[in-house]
Amino acid sequence: MLFFKKDNLNPKEIFDYIKGITDEDKERIKKALDFANVAHEGQKRFSGEPYITHPFEVAKILAEMNVSTDMIIAGLLHDTLEDTATTEEEINANFGPHILFLIEGVTKLGKIKYQGATRHAESLRKLFVAMAEDIRVILIKLADRLHNVRTLEHVRPDKRQRIALETIEIYAPIANRLGIWKIKGMLEDASFQYAFPEEYKTVVKLRKTKGKESLKRIEKVSRTLQKVLAEHNLRHAQIDYRIKYLFGLYKKLQKKNMDIDQIYDLLAMRVIVDTIPECYQVLGIVHNLWRPVPGRLHDYIGRPKDNGYQSIHTDIFTPDGSMAEIQIRTTKMHEEAQFGIASHIVYEESGKPATGGKMEKKFDWIKNLIEWQKNVSDSEEFLTSLKTDFFGDRIFIFTPKGDVIDLPEGASALDFAYAIHSDVGNNAHAAYVNNKYSSLDTILKDRQIVKIETKKTNKPSLKWLDYCKTTMAKKHIRSYLQKNTD
Ligand code: MN
């Protein structure tokens, strides 16, 4: 029988994150913590701390993500199979097959490292396959990675930078595409200082000085708004602010010549209400109080973002002649905006003892990714196009019918044509971008509406390869040219 030692980590720190936790769940989590504690006995981290602090923190991150107790337990045990004498049989006997399944999934991935392109590419392939099989495995892996980057200060500098870069280039984008924005932001911010030390210092300083100014302004706006909302029977509306994540700010600054005065959402104000009609009511009140900035109203409630994000965003002119961003959403949207997919999995899990976390249709890109990677054998090519095609910055382009096609930034009208269908690509003749007649090599911008004009007689040519950014389009062009040269 295992005993919980007094001088050790307190499971209450995990419990506190779980709403409505049952006594049974408490016991299971305690048992897993005890088990991991004994298994990792005597092991230390680079920091000199007992190893158990790592799985403990990973479990806390998972609990905060609002995932199931099974996943939290798997988080506590995630390193036992790989790093301790613990066997599969022991896990199975103590925690059952569902937990074992998750831990094996995480263990199979091993430790992913940049160590020559081939090895790296291979471990990433494994990661994506595991992700398609059971999305919960990647969530545990993300929590694991987050705690690892948070403790990077204890790691050798060269190794540190490699891990930080890999986190920014691969893990954060995965979190982003899964809609777990809070984890994405935290992964990037923890890695930023090790990946780009100089830039980090600059951005920290900018955010600090400018943040204070914005805060004063936003507080004023907030006081006024709270009062007026109360007059409209919206006393329950919650107003809070969030300061932009450092790395997110850095990326935006790069696009604005590092001019912080061009950033209007450094500090965004959020109004959180109960229902969707109340969201629109708040929007009306806001626009009645302050003039909206033209072209800066985005209704992601009426039309959610491709990754499921919902909220109304609007920029307003504040009384001092500056601008501020206000986001309006329901409590449910607010929760989903932080941990996205994580909350859906809980929902899907409840009621049925599933071994696999099911994926929603909007995560079809994972399947596309698996399909795509089967055809790319060269490791360098795999890594490069992975970054551009799947994990680079995305733009969302609308078809005339209102369907959304998501493409990497810098994609052309021809990329869009191929993304619709290879036949549309192969016979593409011209494009209408926001109703304007444009050539196929036109670089598209986020949220444009694009219509492709095809001609049966039109065929791909060699120079089309220069018009495209996506590996997918290039592949179709090459395969057409191969079949039709002689
Ligand atoms: Mn670990």
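Name the single residue that is surrounded by the fewest Cβ atoms within 10 Å (Cβ to Cβ) among those in the stretch 65-108 being small (G, A, S) and assigned to a helix (DSSP H, G or I). In this case the residue turns out to be A93.
Is there any pair with a first residue in the stretch 38-64 that is more than 23 Å from R160 (Cβ to Cβ) and in a helix (DSSP H, G or I) and a second that is within 11 Å of the ligand (Cβ to nearest atom) and among the hydroxyl-bearing types (S, T, Y) whose Cβ atoms are under 7 Å apart and which are 6 or more apart or on different chains, and what are they? Listed pairs, sorted by first residue: A39/T80.
T384 meets the conditions (1) of a type outside the set (D, E, K, R); (2) open to solvent by less than 20 Å² (accessible area, probe 1.4 Å); (3) assigned to a helix (DSSP H, G or I) in every case but one. The failed one is (2).
Criterion applied to E166, E133, E198, E188 was being over 30 Å from F396 (Cβ atoms) and of a type in the set (D, E), and the one residue passing it is E198.
Consider K184 carefully, then state whether it is of a type in the set (K, R), at pLDDT 90 or above and farther than 30 Å from A164 by Cβ.
Details: of a type in the set (K, R): yes; at pLDDT 90 or above: yes; farther than 30 Å from A164 by Cβ: no.
For K184, the condition - of a type in the set (K, R), at pLDDT 90 or above and farther than 30 Å from A164 by Cβ - is not met.
If you go through the stretch 149-171 and keep only what is buried (at least 18 other Cβ atoms within 10 Å of the Cβ), part of a helix (DSSP H, G or I) and either in contact with a strand residue (DSSP E or B) (Cβ under 6 Å, 6 or more places away or on another chain) or hydrophobic (A, V, I, L, M, F, W, C) (or both), you end up with V149, L152, I163, A164, I168, I170.
Among I72, I91, I29, which is over 22 Å from V155 (Cα atoms), away from the ligand (no atom under 15 Å from the Cβ), in contact (Cβ under 8 Å) with a residue 40 or more places away in the chain and in the same structural domain as D134 (by TED's automatic domain parsing)?
Numbers: I72 fails: away from the ligand (no atom under 15 Å from the Cβ); I91 fails: in contact (Cβ under 8 Å) with a residue 40 or more places away in the chain.
Going through I72, I91, I29 in turn, just one is over 22 Å from V155 (Cα atoms), away from the ligand (no atom under 15 Å from the Cβ), in contact (Cβ under 8 Å) with a residue 40 or more places away in the chain and in the same structural domain as D134 (by TED's automatic domain parsing): I29.
Among the residues of the stretch 105-155, the one identified as modelled with pLDDT of 90 or more and more than 16 Å from the ligand (Cβ to nearest atom) is E153. Does D378 meet the test of being outside the structural domain of F128 (by TED's automatic domain parsing) and within 25 Å of L481 (Cα to Cα)? Answer is yes for this residue. For the stretch 320-345, a residue qualifies if it is open to solvent by 50 Å² or more (accessible area, probe 1.4 Å) and either outside the structural domain of L225 (by TED's automatic domain parsing) or at pLDDT 85 or above (or both), and the qualifying residues are T331, K332.
Looking only at residues of the stretch 43-58 that are open to solvent by 40 Å² or more (accessible area, probe 1.4 Å) and within 12 Å of the ligand (Cβ to nearest atom), we find that the one that is nearest to R156 (Cα to Cα) is R45.
The values are calculated or read from the model by the stated rules, or taken from the named source; none is laboratory data. This is a predicted model, so every value here is computed, not measured. We place every Cβ from the backbone using ideal geometry, glycine too, and count neighbours over all the protein chains shown. Side chains included, ligands, DNA and RNA excluded: accessible areas come from the protein's heavy atoms. Shrake-Rupley method; radii C 1.70, N 1.55, O 1.52, S 1.80 Å.
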